[in-house]
Amino acid sequence: MGRDMILVPILLLRLLAMAPAPARAEGVAAAEEEVKIEVLHLPESCSPKSKKGDLLNAHYDGFLASDGSKFYCSRTQNEGHPKWFVLGVGQVIKGLDIAMMNMCPGEKRKVIIPPSLAYGQQGYAQGKIPPNATLIFEIELYAVNKGPRSVEAFNQIDKDSDRKLSELEISQYLKEEFARDGKKRHPSAHDEILADIFKKNDHDGDGFISAKEYNVYQHDEL
């Protein structure tokens, strides 16, 4: 199912759980250090501005401040597609969550993130980041969308307005999304994705995804 999951429309991220960023060292006084932000390009029309809970689409390159070596490039991942993630919920390091607040589509930033807001004293060996590393990211933001657990998203799926999502409602939603993007999928993709959605969201196993289980974000706070 791996290829089919890659082709899932972006709106399905409203239901499919996304993996958090690798664990970071705790116990470091982050309040003593700040993210330094340099705006490299600001579009004439700067709207909407990103906020906590928004779904962002961006490319970014990561460098070690110590020697300028590049440890990450989103353009070499996922066939070069920009990365999608929810801002402010820990899907990226805390420094990036901070650095990409109040950013608008088309904006480019260079940011310097101290160790306490990155990978701390432990570093991140898998990502070739040593302990106590200050990181530099060059970021280009492409899109700012409503958060994946917004009231609007829930209501779009909840056709009968009973404040819970049935298997039939989500099945229909999947079919509509698949038809909208027009990409070919294996016939089993629909059933596999539907099962995955309920596995990750139907916590009490009653066959419905309630507003609480869906974790609807009221206002702008998570």
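Assorted remarks:
- Given a 1.4 Å probe and the protein chains as shown, residue 188 ends up with an accessible area of around 40 Å².
- Take every Cα pair under 8 Å whose residues are at least 6 apart in sequence, average their separation, divide by the length of segment 29-187, and the relative contact order is 28 percent.
- Among the listed pairs 51/164; 110/212; 108/184; 108/200; 159/199, those beyond 30 Å (Cα-Cα): 110/212; 108/184; 108/200
- Were the residues from residue 177 through residue 52 laid out at 0.36 nm apart, the gain over their Cα-Cα distance would be 42.5 nm.
- In the assembled protein chains, residue 190 presents an accessible area of approximately 30 Å² (probe radius 1.4 Å).
- Accessible surface ranking that places the most exposed of 73, 104 first, with a 1.4 angstrom probe: 73, 104
- Taking a ≥ b ≥ c as the square roots of the eigenvalues of the Cα gyration tensor, segment 103-202 is classed as prolate, since a/c reaches at least 1.5 and a/b is larger than b/c.
- In terms of its C-alpha gyration tensor, segment 36-145 has a prolate overall shape, because the principal axis ratio a/c (a ≥ b ≥ c, square roots of the eigenvalues) is not below 1.5 and a/b outweighs b/c.
- Overall form of segment 151-214 per C-alpha gyration tensor (a/c, 1.5; a/b vs b/c): oblate
- Residue 111 - accessible surface, heavy atoms, 1.4 Å probe, Å² rounded to 10: 0
The values are calculated or read from the model by the stated rules, or taken from the named source; none is laboratory data. Just so it is clear, the structure is predicted and the values come from calculations on it, not from any experiment. Please note that ligands, DNA and RNA were not included when accessible areas were found on the heavy atoms of the full protein model with its side chains. Shrake-Rupley method; radii C 1.70, N 1.55, O 1.52, S 1.80 Å.
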